[in-house]
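Following: one structure in structure tokens, then a few remarks.
Throughout, read-outs are computed from the coordinates displayed, never taken from laboratory work. The model shown is predicted, which means the values in this text are computed figures rather than measured ones. All Cβ positions, glycine included, derive from the backbone under ideal geometry; neighbour counts span all protein chains shown.
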Amino acid sequence: MSSPLLEIKDMHVHYGAIHAIQGINIKVNQGEIVTILGSNGAGKTTTLHSISGLIPISSGEILFDGKPIHTFPAHKIVAEGVAQSPEGRMVFPDLTVQENLEMGAYLREDNHKIKEDLEYMFKLFPRLLERKKQLAGTLSGGEQQMLAIARAYMANPRLLLLDEPSLGIAPILVQAIFDAIVEINKHGTTILLVEQNAYAALKIAHRAYVIATGEMFMEGPANELIKNEEIQKAYLGH
Amino acid sequence: MSENVTYFFYDLFQYLVNGLAQGSIYALIALGYTMVYGIIKLINFAHGEFYMIGAFIGFYCLVSGMPLWMAFPAAMIGAGLVAVLVEKIVYRPIRHAGRIPALITALGTSLLFQYLGQGVIGADPKAFPSAIAEKTYMLGEVIITRTQIIIMVVTFALMVILYWLVNHTKTGKAMRATSFNMNAAELMGINTNKIISFTFFIGAALAGAAGVLVGMYYNTAEPMMGLIPGLKAFIAAVLGGIGIIPGAVIGGLVLGVAENLVVGFWISTYRDAIAFAILILILLIKPAGILGKNRKEKV
């Protein structure tokens, strides 16, 4: 059996005196969509930020393709093949849609393949094509979310981290965004998805982890967790 | 009566010419203030010293017989490299310590360079070599000197280059991305430390250019020369809207012209007072500056 693409081993994260992540283990295999669920403040975003190198871990290991990356600065982790669409989208408001996407491909030199990926993103999100000369700050929330995902994809990552892609988005766009995530995955990109919208996430994911107050609460195949009574009560609103 | 009106206009145009030349210098210095503020939210009070350092590098190059076209870029690059070192040694270790410690550190760095300059170079003003033969041109009764023309042309050229750099190069876009949000920029694979170093370099190089131009204009250079122009450029940056690059240019020119109008039509000793009066007014009326606006997050 081949080693997982991403492996987090007994990771702890502190914010000053706060022990935000208390020893979690996560594996993401090549080709999967894996989702991390949990309520507000459970440590989902912290986990993604630690993978991306924005928040240092206190102990444990993060292995990407078997290589420890938890000591790397954030920009080096992108070079390794891990890109993130952050919570709150964080598109560059004073740059155009096109320029935002160029920034996503900042480290790449393969101009021909960049153009191909750009066209693929415009096919996936036609709204971005229509608005490519517009400043990103003038887009609606949903369009900014599409841009944030497309921008992360433009790094040509082997692992794409998506933080709350449905947060604050009009319901009609949520489905379109989740469809796009499935399409990107089928196209060959492994995805680690953090979501509060547990139902939507479980429907597209292969496996899921549930974090509660910094600790692993439950894990398993998504189609099993979606039927689990505890999960239904706590996160699915049944 | 009509003769008086004619002379009024000659005076007015004369003060405008002088003001635009002076304002170009403020604008060049203000650009560095505003770029550094835009990227790390630091008011770099040592920025005026990069201008002084640029003037002295230009001074020593010219004194050693180097032609102006070599001394000028040497001063820009030298001032830029000093700024890169200051950022790396002084500001980077305290980047996350908060704004007040950074501000105090910047003031300390400014004093360090001023007094180091007095210790090493000497406090007495040096006679700046006249690198070009001075000539005056008459437009009617309005006098414009060759140095004034050079100041305005060089400033304009440097601004065009800066505009191109910031808006049309990958590095420039990375600068804008970093100034919006450092974490978001890092997530693009941008080495934000490198971008910050580069921003200090460019800002100080522009200040260094201003230093040489002023040396040529007033034929003098001394270690404390960065203090007042540094403060004026800071006012110009705030006036235009701190962190906004075109704002620094507008603020610099407005300040230069306003000073010269006050000096010409009113009382010459109010030159510095008017700058600070403008600062107080803008803070009262429009604290975000001429081009400043409040941005709201979109939901």
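For A:Gln84, the residues whose modelled amide H falls within less than 5 Å of its own, excluding neighbours fewer than 5 places apart on the same chain, are A:Leu161. Dipole magnitude for the range A:119-207: computed about the Cα centre from +1 point charges on Lys and Arg Cβ and -1 point charges on Asp and Glu Cβ, it is near 220 debye.
Rounded to whole numbers, the Karplus 3J(HN,Hα) couplings from phi for the range B:216-223 are 5, 6, 9, 6, 8, 8, 8, x Hz, using 6.51 cos²θ - 1.76 cosθ + 1.60 with θ = phi - 60°, and x at Gly and Pro. Put a dot 7 Å past the Cα of A:Asn25, heading toward its Cβ, do the same for A:Leu135, and the two dots end up 5.0 nm apart.
Helix B:146-168 and the longest principal axis of the Cα set of chain B meet at an angle near 20°. In this structure, B:Ile290 and A:Ile172 have a Cβ-Cβ separation that, at R0 = 41 Å, corresponds to a calculated FRET efficiency of about 0.50.
The separation of the range B:117-196 from the range B:11-89, counted between C-alpha centres, amounts to 6 Å. Its DSSP H runs of at least 4 residues, each contributing -39,500 (n - 2.57), put the calculated 222 nm mean residue ellipticity of chain B at -24500 deg cm²/dmol, to the nearest 500. For A:Ala17 and B:Lys88, a Förster radius of 30 Å and the Cβ-Cβ distance give a FRET efficiency of 0.45, rounded to the nearest 0.05. Going 7 Å from the Cα of B:Leu112 toward and past its Cβ, which residues in the range B:218-237 have a backbone nitrogen under 20 Å from where you end up? Those under the cut-off are B:223-228, B:230-231. Obtain the nm distance between the two label points defined at B:Thr220 and A:Lys76 by a simple spin-label model: each point lies 7 Å from its Cα along the Cα-to-C-beta direction. Spacing of the two 7 Å Cα→Cβ label points: 5.2 nm.
Where nothing but the Cβ of Lys and Arg (+1) and of Asp and Glu (-1) is charged, how large is the charge dipole of the range A:6-236 around its Cα centre, in debye to the nearest 20?
260
Under 5 Å between amide hydrogens, built in the peptide plane, is the criterion, and for A:Ser58 it picks out A:His12, A:Val13, A:His14 among residues at least 5 positions away or on other chains. In a fully extended conformation the segment linking A:Glu109 and A:Gln232 would gain 39.6 nm over its present Cα-Cα distance, using 0.36 nm per residue. Selection among B:Leu279, B:Leu111, B:Gln148 by position relative to the dipole of the range B:2-285 gives B:Leu111 as farthest towards the positive end (Cβ unit charges, Cα centre).
Magnitude of the Cβ-charge dipole of the protein assembly as shown, K/R +1 and D/E -1, about the Cα centre, nearest 20 debye?
Here the protein assembly as shown has a charge dipole of around 240 debye.
Between the range A:75-124 and the range B:242-290, what is the separation of their alpha carbon centroids in Å? The two parts, judged by their Cα centres, are 41 Å apart.
The lysines within cross-link reach of A:Lys123, meaning a Cα-to-Cα straight distance under 20 Å and a gap of 8 or more places when in the same chain, are A:Lys113, A:Lys115, A:Lys132, A:Lys133, A:Lys186.
Note on the range B:2-285: dipole from Cβ charges, positive end direction compared against B:Gly215, B:Thr136, B:Ile161; the farthest Cα belongs to B:Ile161.
Comparing A:Leu54, B:Val238, B:Gly122 along the charge dipole axis of the protein assembly as shown, the residue lying farthest to the positive side is B:Val238, per the Cβ-charge model. So what is the calculated 222 nm ellipticity per residue for chain A, using -39500 (n - 2.57) for each DSSP H run with n of 4 or more, over all residues, to the nearest 500 deg cm²/dmol? The helix contribution divided over chain A gives -10000 deg cm²/dmol.
Given R0 = 41 Å, the distance between the Cβ atoms of B:Ser268 and B:His168 translates into a calculated FRET efficiency of 0.45. With respect to chain B, whose longest principal axis is taken over its alpha-carbon atoms, helix B:2-40 is tilted by about 20°.
Pulled fully out, how much extra length does the chain show between A:Met218 and A:Lys186, if you take 0.36 nm times their separation in residues and subtract their Cα-Cα distance?
Fully extending the segment from A:Met218 to A:Lys186 adds 8.9 nm.
Going by alpha carbons, how many degrees (0 to 90, nearest 10) lie between the helix axis of B:245-265 and the longest principal axis of chain B? With both axes taken from Cα atoms, the answer is about 30 degrees. Sparse packing (at most 14 other Cβ atoms within 10 Å of the Cβ) combined with a DSSP loop state is found for the following GluC sites (Glu not before Pro) in the range B:74-183: B:Glu134, B:Glu141.
Taking only the C-alpha atoms of chain A, Rg followed by Dmax gives 17.2, 50 Å. Is the shape of the range B:196-299 rounded, prolate or oblate, going by the alpha carbon gyration tensor and its root eigenvalues a ≥ b ≥ c, with a/c under 1.5 for rounded and a/b larger than b/c for prolate? Cα axes put the range B:196-299 in the oblate bin.
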